[in-house]
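Following: one structure in structure tokens, then a few remarks.
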Amino acid sequence: MQKIAKFFMVSLIIVALASLPALTQAQSGGKILIMARAADTTGLDPHKQTAFASLRLLELIYEPLVTLDQDLNIVPMLAESWEFNADSTQLTMKLREGVVFHDGSTFDSADVKATFTRLLDEATGSAARSNYTSITSIDTPDAYTVVFNLNTPDVPILAAMASVNASIVSEEAVAANEFEQKAIGTGPFVLDQWIPEEKTTLRRNDNWWIEGPYPDGVEMRVIPNEATIVAALRAGEIDFALLNDPLAAVLLKDDPNIVLNRVPALAYHVFQLNASRAPMDKLEVRQAISCAIDRQEVLDTASLGEGTVTGPLTIPAYQVPTSEFFCYTRDVAKARELMAAAGMADGFTFKTIVANAEPPTALAEAQVIQAQLAEIGITLEIEALELSVYVDRWLKGDFDTAVALNGGRPDPYTMYARYWTKAGNLQGVANWIDDLTDSLMAQGRAESDPAKRLAIFTEFQKHIVEQAPWIWLYNGYEYTAHQPYVEGFIPNPTDSLMSFAAIRLNR
Amino acid sequence: MPALTLASAMASAEPSGRRAKPFLVRLLTNLSGALGATVVTLFVVTAVLGGAGATPFPPAQQFGRDRLTAPNERYVLGTDLFGRDVASRLMQGAWNSLRVAALAVAIAGTLGTLIGVTAGFIGGSLDTLIMRVMDVFFAFPALLLALLIIAVLGRGLNSAIIAIAVVYTPIFARVARGPVLSLKAMEYVTAARCIGTREPMILARHILPNMLAPLIVQFSLALSWALLTEASLSFLGLGTQPPDASWGVMLAESTSIAERAPWLMIYPGAVIVLGVLGFNLLGDGLRDVLDPRLRKR
Amino acid sequence: MLRYIAQRLIAFLPTLLGVSVLVFFAMRLIPGDAITAQLGTEAGMLTPTQRAALERYYGLDKPPVEQYFIWLGEVTQGNLGFSIRHGKPVLEVILDRFPLTLQLALMSVIIALLIGIPIGVLSAIYHNTLIDLIGRLFALIGLALPNFLVGTLIIYILSVYFKILPNSGNYVSFGDDPRRNLEQMIFPAFTLGFALAASLMRMTRSAMLEVLREDYIRTARSKGLRERRVTYSHALRNALIPVVTLLGVQAGYLLGGAVIVEQIFALPGLGRLAVNAISQREYALVQGVTLFIAFNFVMINLAVDVIYASIDPRISYGKR
């Protein structure tokens, strides 16, 4: 019995010791930027990763030829300058000199060629390959010049190169093919260690070709619960956070001790109709659905108004005032008329697939749409699915309707060619196409004059909104939050963390 | 998991003796029993009202302009993100939560008892085989099992019921088998067998009636865990599906917004605690009343 | 006794085999595979050749039954497979996470013991008094509070009112920094321990009540032993037997990881590992973790039975 008593005493001391105050400790480790996010990297191969969470890490390690600034202009990175030939079938790039990879090897045109050869090799399994299939051959006239020969006029390929998926890797790395184990890029930070679902540590690249990076390193932590991330920011335990859930982010809006950045996102919330299934094969039914939905209310409820009602293109340079779109102001009477015209005055029942918590607002959007459609006699049944199951069904086009948050791109063509061209890889998901749409996309691809491109894509948007294969809803914000002493971070509409290198920690 | 608490509660139960006062009277004069019965009755009435649609507002109706209204005269317990009435949703939630818990326990209880009694009564290699299969489910991590079942069947109320039922069936089976083994060896059973009573008759007349009391206790306690499990599953988005409400769904919906609208977490939280408490109290009361060894303490 | 242990160990084999079959085929029944889990909607951009290459990479190019036997063959040789995402053998990934889960289980159990047993004993001694009532109320509330609620509340209160958050995704192991580690683990352990304390309290109380009425306690009393001595030395020791059993089984469950608590408190334990592996369709990892947890579970049950037999002379396992 005495033993038990002793055991209790010892345990009591341990517990008491642990709950002593002094829980807050001064952040140590010099100028290490400590950030947290809910999702973790899923893999290290820059050419194969598509998850946003992976891209946020890889863009600190690797660099592409060109990149996007905060206004989505294409700006030089590893390529200093570039030029298309007259008919946009040849792209010549001048490469930056004096850049070295993390392993000390020098960057030159052979690395660019090796990179794109790997991307285009089907055995690699890169989902981004489809963006570069117009490349027929790559010439390297000298160590710092590279020429891409294209089989068709392809202006958007430049924007497509401004992607983590087109990160330049070294010729030696391609030969070794150990991308899942080793991350050797030219970027501002060097990967020290990745412990899946826990944390990733990066250290400063002392040989970076730009001035900096200023932080000595970055520690990326995974905190699966966004409410806990907010708590960690408030408690001063982390310097920086990536937030996904607008409901969690708005908690910080009025917090004087935290800086919350909101940048309109390129990604768009959309209610996808499957026009290959009855009754959505009828134009009137699709239009009725479009007229019955109050996009602003969906936004106000699901995201607490955090965002803007949008048409198909979220790229600022290509946006069209929503008043010019078909039925962007809710019109229930017109919706009823259209239903009657389609012979569906009594309504019908269909389903929608929603991924659980991906995005966090999806289930709420579905519920608001459900309530709104009920007013014109349409019964919408919600099927909430685990993300992988959702993706599986989505890719097969196995749904009546789908609530989705689709990623945006800086160029209208790369953003939508996959869905709205006859040859698009995801035409089977979009399930609707007409000749006008297809030809507008082709014209937009070949056109290099910005004003003419704008006209083409404006027509494209108005046409597709009126045809209503999808109901575009709104685009939200990309949220980042940090302590006031974090200076120099430039929020980016693609959610990129590339400006981490420019951050100064004045704590 | 409370499995063992139950198992030992069962193990300590013996054939019930004679009854002095009517069962209900004894239950209601027992403090736990009376409290539990009151809470459970309130809960069931609310649930039935909620299920029948007798709520202040339609539980799924969205009053967009009134979203996130704090409790006031119109919305007694406030409104949620969609402007839906929290009180009405709690009532509907009571119905859904109770339905999932009750059906899951009914399935697990019936199936488990059947399996356990069969195994225990017949014995031999069939017993070994059945209990081995039950061992597999026992050893399988419970939440992973539920997750896998729901992943295979798809999310929803019915999947949640099946998942909870599958997890609890082996518990009931193991718990029912024990008393059968000991009852089978009782002298009066042997006596009955000697005078030529057929096996099914022995089972029906001598064994099952004597197991009834502990089974009732177990059902009541199992309901309380099933309620908690339903809440956990719905919290993970795996149970009741929107726009339908269950207490777990309401709590899950409240997590990121509770700071702005604390009533969204407080009321469903309080109701879950109260509901589970009620079933636990009722179970305690039933045990006090039904278990002769514990009587007159 | 040894013979009994050996028998039990052999009996575990079919159980574990059953678990392996169940988890293997359940995983194959879930729609979606490692490729869609990795690439998301971008998987639609793959050409058939690319897809085939990836299927080979993830080992999905053979029929499931064949995959199962290949896997089982490896498992019998102690190889649980390889996790591509973690870049390590599955067993290593599991063993990386296991110390945390083990520690969390132990701390929860200790907290539960510290709270549950004294209250249970007091409740039994002062049976049907105010103390008993308060004790029982505590237990009932403990049983009724869902741990996701307790966890969320703790985080909220700590961060908003105390401006602290012991664990912000920077878990440190006990070996690296014992004090920091305990700070991080105490709140999740309390969340788990609270519910466990409630059931321990109930068990202790009823066992004590039963024991206090036994003949030998009466004998002890009539021999003139002091009440305190009777209570602690005789009654508690005997009452603890079923409590030990309960603890054993609970520990077995806790060693399977505590998904929700791990999520809320950002702890990299076995539970989160398993759930993430399911959503990533990391078949080998899910199978490995499940088998590992099941193995621990049966071993702990065996250990409890053996301890039980050695404490309680009335039980013998030699023959049945």
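The values are calculated or read from the model by the stated rules, or taken from the named source; none is laboratory data. For clarity, every value in this text was computed on a predicted model and none was experimentally measured. For neighbour counting, all protein chains shown are included, and Cβ atoms are generated from backbone atoms with ideal geometry for every residue, glycine included. Protein only, heavy atoms only, side chains kept; ligands, DNA and RNA dropped before computing areas. Shrake-Rupley method; radii C 1.70, N 1.55, O 1.52, S 1.80 Å.
Structure notes:
- The sole residue among C:Ile164, C:Ile155, C:Ile111, C:Ile119 that is modelled with pLDDT of 90 or more and either within 11 Å of another protein chain (Cβ to nearest Cβ) or closer than 22 Å to B:Ala252 by Cβ (or both) is C:Ile111.
- Hey, A:Gln370 open to solvent by 20 Å² or more (accessible area, probe 1.4 Å), in contact with a strand residue (DSSP E or B) (Cβ under 7 Å, 6 or more places away or on another chain) and modelled with pLDDT of 95 or more or not: yes
- Flag if A:Val75 is assigned to a helix (DSSP H, G or I) and not basic (Lys, Arg): no
- Residues located in the range A:178-198, provided they are of a type in the set (S, T, N, Q), open to solvent by 50 Å² or more (accessible area, probe 1.4 Å) and modelled with pLDDT of 90 or more: A:Gln193
- Hits in the range C:126-151 (condition: open to solvent by 70 Å² or more (accessible area, probe 1.4 Å), polar (S, T, N, Q) and under 30 Å from C:Pro188 (Cβ atoms)): none
- Residue check, B:Gly78 farther than 30 Å from B:Arg287 by Cβ, within 14 Å of chain A (Cβ to nearest Cβ) and of a type in the set (Gly, Ala, Ser): no
- Test: C:Leu22 is at negative phi, among the hydrophobic types (A, V, I, L, M, F, W, C), touching a residue at least 12 places away in the same chain (Cβ under 8 Å) and surrounded by 16 or more Cβ atoms within 10 Å (Cβ to Cβ): no
- Residue count for the range B:229-246 satisfying the condition of being away from chain A (no Cβ under 14 Å) and of a type in the set (S, T, N, Q): 2.
- Odd one out for C:Val306 among (1) surrounded by fewer than 24 Cβ atoms within 10 Å (Cβ to Cβ); (2) at pLDDT below 85; (3) within 12 Å of chain B (Cβ to nearest Cβ): (3)
- Exactly one residue among A:Leu44, A:Leu120 is of a type in the set (A, V, I, L, M, F, W, C), over 26 Å from A:Asn492 (Cα atoms), within 14 Å of chain C (Cβ to nearest Cβ) and open to solvent by less than 50 Å² (accessible area, probe 1.4 Å), and that residue is A:Leu120.
- Subset of the range B:150-162 (residues that are over 12 Å from B:Ser234 (Cα atoms) and within 12 Å of another protein chain (Cβ to nearest Cβ)): B:Ala151, B:Val152, B:Leu153, B:Gly154
- Pairs meeting the criteria (first residue in the range A:91-116 and assigned by TED's automatic domain parsing to the domain that holds A:Thr145, second residue in a helix (DSSP H, G or I) and surrounded by fewer than 16 Cβ atoms within 10 Å (Cβ to Cβ), beta carbons under 7 Å, at least 6 apart or on different chains) are A:Ser105/A:Glu172.
- Checklist (1) farther than 21 Å from A:Asn356 by Cβ; (2) surrounded by fewer than 24 Cβ atoms within 10 Å (Cβ to Cβ); (3) without any contact (Cβ under 8 Å) to a residue 60 or more places away in the chain applied to B:Pro170, failing item: (2)
- Some residue of the range A:399-422 being buried (at least 19 other Cβ atoms within 10 Å of the Cβ), acidic (Asp, Glu) and within 18 Å of the chain's Cα centre (by Cα): yes
- Selection from the range C:268-277 of residues that are more than 8 Å from chain A (Cβ to nearest Cβ) and surrounded by 24 or more Cβ atoms within 10 Å (Cβ to Cβ): C:Gly269, C:Leu270, C:Gly271, C:Ala274, C:Ala277
- Members of the range C:53-86 that are without any contact (Cβ under 8 Å) to a residue 60 or more places away in the chain, surrounded by 16 or more Cβ atoms within 10 Å (Cβ to Cβ) and either over 13 Å from C:Gln287 (Cβ atoms) or among the β-branched types (Val, Ile, Thr) (or both): C:Ala53, C:Leu54, C:Glu55, C:Tyr57, C:Tyr58, C:Leu60
- Single residue of the range A:445-474 satisfying the filter (modelled with pLDDT under 95 and outside any helix (DSSP H, G or I)) that is surrounded by the most Cβ atoms within 10 Å (Cβ to Cβ): A:Glu447
- Among (1) part of a helix (DSSP H, G or I); (2) in contact (Cβ under 8 Å) with a residue 40 or more places away in the chain; (3) more than 8 Å from chain C (Cβ to nearest Cβ); (4) closer than 25 Å to B:Val249 by Cα, the one test that B:Leu147 misses: (3)
- Test result for A:Ile433, farther than 23 Å from A:Pro359 by Cβ, outside the structural domain of A:Pro360 (by TED's automatic domain parsing) and outside any helix (DSSP H, G or I): no
- The listed residues are B:Ala226, B:Ala204, and the only one of them that is small (Gly, Ala, Ser) and away from chain C (no Cβ under 13 Å) turns out to be B:Ala204.
- Per-region count, the range A:261-290, residues touching a residue at least 40 places away in the same chain (Cβ under 8 Å) and part of a loop (DSSP other than H, G, I, E, B): 10
- Scan of the range C:265-281 for residues that are over 19 Å from C:Leu100 (Cβ atoms) and part of a loop (DSSP other than H, G, I, E, B), ordered by number: C:Gln280, C:Arg281
- Residue within the range B:77-90 that is among the β-branched types (Val, Ile, Thr) and surrounded by fewer than 16 Cβ atoms within 10 Å (Cβ to Cβ) present: no
- Across the range B:217-225, a minimum of one residue is classified as among the aliphatic types (A, V, I, L, M) and either open to solvent by 20 Å² or more (accessible area, probe 1.4 Å) or more than 17 Å from B:Gly112 (Cβ to Cβ) (or both).
- Single residue of the range B:150-191 satisfying the filter (farther than 20 Å from B:Gly123 by Cα and not in a helix (DSSP H, G or I)) that is nearest to the chain's Cα centre (by Cα): B:Gly156
- The set of residues from the range B:240-254 being assigned to a loop (DSSP other than H, G, I, E, B) and open to solvent by 10 Å² or more (accessible area, probe 1.4 Å) comprises B:Gln241, B:Pro242, B:Pro243, B:Asp244.
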